[in-house]
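The values are calculated or read from the model by the stated rules, or taken from the named source; none is laboratory data. Source: prediction; values computed, not measured. Glycine also receives a Cβ, built like all others from the backbone with ideal geometry; neighbour counts cover every protein chain displayed. Protein only, heavy atoms only, side chains kept; ligands, DNA and RNA dropped before computing areas. Shrake-Rupley method; radii C 1.70, N 1.55, O 1.52, S 1.80 Å.
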Protein chains: 2
Amino acid sequence: MSDERLIYLPLGGAGEIGMNCYVYGYGREGRERLIVVDLGVTFPEAETTPGVDLILPDIKWLADRADRIEAIFITHAHEDHVGALGHLWPRLKAQVYCRRFTGAIARLKMEDQGHPATAITVVEPRPDVVEAGPFRVQFVPVSHSIPESSALIIDTPVGRIVHSGDFKLDPNPVVGEPYDPEESDMVAGEGEGVKVLVCDSTNVFTPHPGRSESSIGPALRELVEGASGLVVATTFASNVARLKTLAEAGRAAGRSVCLMGRAMKRMVTAAVETGVLTDFPPTVPPEMAAEIPRGNLMLIVTGSQGERRAASAQLSRGKYLGIELKEGDTFLFSSKTIPGNERGVNRIINAYSEMGVNVVDDQTGRYHVSGHANRPDLERVHAAMKPAILIPMHGEHRHLREHARLAAAKGIASDVVTNGMMVDLTGETPEVVEYIETGRVYLDGTALVGAMDGVIRDRIRMAMNGHALITLIMDEDEAPLGDAWAELMGLPLRGRSGRLLAEVVEADLSEFLGRADTRLLANDDKMDEAVRRVVRQVAMEEVGKKPEVTVVVSRLLAG
Amino acid sequence: MSDERLIYLPLGGAGEIGMNCYVYGYGREGRERLIVVDLGVTFPEAETTPGVDLILPDIKWLADRADRIEAIFITHAHEDHVGALGHLWPRLKAQVYCRRFTGAIARLKMEDQGHPATAITVVEPRPDVVEAGPFRVQFVPVSHSIPESSALIIDTPVGRIVHSGDFKLDPNPVVGEPYDPEESDMVAGEGEGVKVLVCDSTNVFTPHPGRSESSIGPALRELVEGASGLVVATTFASNVARLKTLAEAGRAAGRSVCLMGRAMKRMVTAAVETGVLTDFPPTVPPEMAAEIPRGNLMLIVTGSQGERRAASAQLSRGKYLGIELKEGDTFLFSSKTIPGNERGVNRIINAYSEMGVNVVDDQTGRYHVSGHANRPDLERVHAAMKPAILIPMHGEHRHLREHARLAAAKGIASDVVTNGMMVDLTGETPEVVEYIETGRVYLDGTALVGAMDGVIRDRIRMAMNGHALITLIMDEDEAPLGDAWAELMGLPLRGRSGRLLAEVVEADLSEFLGRADTRLLANDDKMDEAVRRVVRQVAMEEVGKKPEVTVVVSRLLAG
């Protein structure tokens, strides 16, 4: 029996939705040749990551083994699959393989960070094959909410892996290849069949079969036709099929169509340049839109998730590029609000409501469909692929667990594998062989900060508790020179006593210093601790909270 | 013609869901006698109000006219209607009227803040009347998700106002009085009928008729009966009817029932003491729960919104009061996730998923019903009350606008009136007569902070940008004594150069001070500005972000 093994190790995306990064390896233990599937980001939020720009997977394990990486594969161009490429590639430096449209976006990610676009190789879909050490990899077109999404067929010495990528089953996806059950059967029927299906779990809790992207066209046309003022629609910038459907609805109603927002322009340009979008209706440039009578105009804008700087938020705050919404206009969310973004989206809806704009959202499901396979679709794929093993991915723990249960109920060996769990897939059932230290890295401005470094923890503490700065000068004889000085930031001006909090703090510190003994005054650490305690106690009495305290003691040198 | 007028002025709750506070007045302009309906709070969140404990309406307008206030009425005991009573009552000092159960909770709110519980008068429902200056006020029992909710009939010299409070139409509410259409007709039929309906707008976008609290009993019983391990259910602590339904489901399945969480205990105690809850199943105290075999136990716990300190979150983190959830147990959310709380709730669900607990949420609508009237219910009330004027309240702008449209479509005079808009209701249509400066006040620890005071803004800035503290000592000749000292909080340790950021900042400051002229060095404001600029520039180059900067310059006196 061979002592080579097939391993699977998710570094991101398994136990969360976002930040996808999966590793496969084959070879002797500790010497496996590796391939990486996707390098995505996830997005920060105020509660746990204030001020952070992007969140990346911690790829230390992979970077330490960069010489063993044969290739990086990117399944599609969503940020949670390709967004970290520019930031992490320098530590891996392997060749990157993807399809044409994904390649156009990946190239921009590399160039944004000053890395060579030549690291990216565009691959045609199956039957073309990328040879990557012990792996033979093919791209299988699947439907999703962005052009040229792909599943990967990863043939290994011990059998075939299908890595689903993000997908849905769409017989008529508007842009790209329709779902073809025969193709599925072929993938499953070749050679020994499918050994392992590593599968998208996003919509495992959605009980009804998914709907086709093309199914919402009629409702969108009806809505735009029935509108009288300006019509503005927002959706995910990368959903090129949706942009097309929206634009066609505008044109059908005799309106000029204008795309607004940088991300949208970037996506449509990439789609046109790579030939995935051939018959997009003509559009007018944003700077000309204001000239067109509002009843003849339709804007398609970025910002479906309430992002503060996107076009939809700008328009909700007033004039933007010469355009101002008003009574009788229509604003359509052709999108779903991702959990956690409700506040931002509602802020925009209420601002439009104040303007008298008619806001249409997706509560009814008439104007948006998901890009992920629902529960019955997943079951259909399980049945078609007949894998010996199913590993759920792309989901929070609850999604992975439910997906594993679904598979197990059909007699498929399955297990919940989360970030950092290395699993041996050589045998008939998945076996956990190691736990890798993994986690998140924050892009903070231009610096990378570890999630456990304490930098963001300090920021959260200042946001919760305020920050008191105490400066003290000690003379050559280790005695306080003058009074302590308190600068308070983010703390109430006055407390219970009615006096200025800073003054109360300073008075209490003076009193404390007056009776402190020389040994304490001469010791920096003890001084720091004692001053901190006094400040926190005074603040607690005055305003009912304990601030973060920074103490700076300057000692004049005798001389 | 009389020169007296009837006015309506919302100070909270109109243009938001939460923080309800409505003012009615009657009399000569500027001398109206006033009544206040509800004094509620709203809850802070990390993005806009980090570290804040509670958000209260700014009642300055009302406090300045405290001598004109006849009475305060509280419609029901939810936090967004009574939560601010203890904090704001000292500035109003009027007598507070409410029903028995609400009174029990209101008394606790007063006592918590050290105010006299005698300020609270418990009132029986209609036909009892509270005379309050020119107003005659009656409490009308309505169904809601807390006991003894009330609408108010406010009879004025120019006609009847019905202030709906929060309500639903429930023919079988489990606890409290059922909805009685005949009572509605009577309210509408007395005297001249209803002049103004001021009406709950929360569920105006929900297209189907509301469901009765009693309708979920069978599904809950079935769920608990089918469970094998420990069953834990969470709901809003104040939903006493739901607690009862849940407890009965537990008892029917032969389980001992235990209520866990301080808020839940407080609510049930108040409900039992005031006689609204007479036949609650027997419960076991939390400290005994761990003794009972898990298959024979059902916990009903606080924390349906994912609150970090509530019982549901405690249990999701491990052992709590001796109880630990495990594989095969069931956790039920008999509640809706309020928009904005999704992240916290999902965090708990995923933690339970990791434990192998079977989490049941309300996606299907089987285990929770709303406490507010849906769109068809609102239409039914409009039709029954036949008001001349409808003023939508208790809603974000989008809800108020939709509700006003709904009324207008039926020929009822209606307008969107938001916080701070004073409306004259004397005539046949509402007329805006004044805009009052209003807003929010934050309870921060024990201090009250104005939303515009800049305190919270500073905290948010520190959370986003980090905080750099620079201390400098200038000698008797206005020359720097030693080097500048930089303390950084919430900033990356190292930047682009690979050196410690604090050291780079200090080096650049030393260089700057070395070439600064004496006029600058002698001027505190100019020094502050210049040092700040240097620090922000260095940080931008090194880590790509500009921190908040506090500069402390200590000047030694010549002597």
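Tabulated data
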quantity: Share, in percent, of DSSP beta bridges within the protein assembly as shown that are antiparallel, nearest 5; calculated: 50
quantity: Region B:192-299: GluC sites (Glu not before Pro) in DSSP coil with no more than 16 other Cβ atoms inside 10 Å; calculated: B:192, B:291
quantity: In degrees, nearest ten, helix B:100-112 long axis to first principal axis of chain B (Cα); calculated: 20
quantity: Proximal aspartates and glutamates to residue B:326, defined as alpha-carbon separation beneath 12 angstrom and excluding residues fewer than eight positions away on the same chain; calculated: B:354
quantity: Share of alpha-carbon pairs per 10 Å distance bin for region B:419-502, given as whole %; calculated: 13, 20, 20, 19, 12, 8, 6, 2
quantity: Relative contact order computed over region B:310-370 (Cα-Cα under 8 Å; 6+ residues apart), in percent; calculated: 40
quantity: Cα centroid separation, region B:1-44 to region B:243-281 (Å); calculated: 36
quantity: Cα-centre dipole for the protein assembly as shown with unit charges at Cβ (Lys and Arg positive, Asp and Glu negative), debye to 20; calculated: 1400
quantity: Other-copy label distances relative to residue B:510, 7 angstrom Cα-Cβ extension, nm; calculated: 3.4
quantity: Shape category assigned to region A:349-468 from the gyration tensor of Cα positions, a/c cut at 1.5; calculated: oblate
quantity: Across the identical copies, how the residue A:376 labels are spaced - nm, sorted shortest first, 7 Å along Cα→Cβ; calculated: 2.6
quantity: Most positive-pole-ward Cα, A:509, A:553, A:538, against dipole of region A:466-555 from beta carbon charges; calculated: A:538
quantity: In region A:474-527, the GluC sites (Glu not before Pro) that fall in loop regions by DSSP, at most 13 other Cβ within 10 Å; calculated: A:476
quantity: Size of the B/A contact, given as accessible area buried on both chains, probe 1.4 Å, in Å²; calculated: 5300
quantity: Net charge of Cβ neighbours under 10 Å - reference residue B:82; Lys, Arg +1; Asp, Glu -1; calculated: -2
quantity: Per-copy distances of the residue B:181 label point, shortest first, in nm (7 angstrom along Cα→Cβ); calculated: 5.0
quantity: Residue A:198 long-range amide H proximity, modeled H, under 5 Å; calculated: A:162, A:163, A:164, A:391
quantity: Chain A - percent of accessible surface contributed by carbon and sulfur, probe 1.4 Å; calculated: 48
quantity: Region A:213-360, dipole about Cα centre (Lys/Arg Cβ +1, Asp/Glu Cβ -1), debye to the nearest 20; calculated: 400
quantity: Neighbouring partner chain Cβ atoms per residue of A:46-52, average, 10 Å criterion; calculated: 6
quantity: Stokes-Einstein translational diffusion, the protein assembly as shown - Kirkwood Rh over all Cα pairs, 1.002 mPa s, 20 °C, in µm²/s; calculated: 65
quantity: Per-residue HN-Hα couplings for region A:378-389 [Karplus 6.51, -1.76, 1.60; θ = phi - 60°; Hz; x = Gly/Pro]; calculated: 4, 4, 5, 5, 4, 5, 6, 7, 6, x, 6, 10
quantity: Label-point separation in nm, residue A:45 to residue A:287, each point 7 Å along Cα→Cβ; calculated: 3.9
quantity: Förster radius 25 Å - calculated FRET efficiency between residue A:364 and residue B:386 (Cβ-Cβ, nearest 0.05); calculated: 0.20
quantity: Farthest toward positive dipole pole in the protein assembly as shown [+1 Lys/Arg, -1 Asp/Glu at C-beta], among A:422, B:387, A:314; calculated: B:387
quantity: Using a Förster distance of 22 Å, the FRET efficiency for residue A:338-residue A:219 (Cβ separation, nearest 0.05); calculated: 0.50
quantity: Relative contact order of region B:466-555, pairs being alpha-carbon contacts under 8 Å that are 6 or more residues apart, as %; calculated: 41
quantity: 5 angstrom amide H check on residue B:233, placed H, neighbours 5+ away; calculated: B:299, B:300, B:301, B:332
quantity: Anisotropy class of region A:213-360 from Cα gyration tensor, a/c 1.5 cut; calculated: rounded
quantity: Cα long-axis angle, helix B:342-355 against chain B (0 to 90 degrees, to the nearest 10); calculated: 90
quantity: Efficiency of FRET between residue A:497 and residue B:436 - r from beta-carbon atoms, R0 35 angstrom, step 0.05; calculated: 0.65
quantity: Calculated on alpha-carbon atoms, Rg and Dmax of region B:324-394 in Å; calculated: 18.7, 59
quantity: Reachable lysines from residue B:93, criterion Cα separation under 16 angstrom, eight or more residues apart if same chain; calculated: B:60, B:109
quantity: Approximate spin-label separation residue B:211-residue A:272, in nm, with each point projected 7 Å along Cα-to-Cβ; calculated: 5.0
quantity: Under 5 Å, built H, 5+ apart or other chain: amide partners of residue B:433; calculated: B:422, B:423, B:424
quantity: DSSP bridge orientation in region A:24-115 - percent antiparallel, rounded to nearest 5; calculated: 40
quantity: Gyration tensor verdict on region A:466-555 (Cα atoms; rounded if a/c is under 1.5, prolate if a/b is larger than b/c, oblate otherwise); calculated: prolate
quantity: Calculated from backbone phi, Karplus (6.51, -1.76, 1.60) coupling profile of region A:459-466 in Hz, x at Gly/Pro; calculated: 5, 5, 4, 4, 5, 7, 10, x
quantity: Relative contact order (percent, whole number), chain B, Cα cutoff 8 Å, 6+ residue spacing; calculated: 14
quantity: Table column - 3J(HN,Hα) (Hz), region B:507-523, Karplus curve with 6.51, -1.76, 1.60, x for Gly and Pro; calculated: 5, 5, 5, 4, 4, 4, 5, x, 10, 6, 8, 4, 4, 5, 4, 8, 10
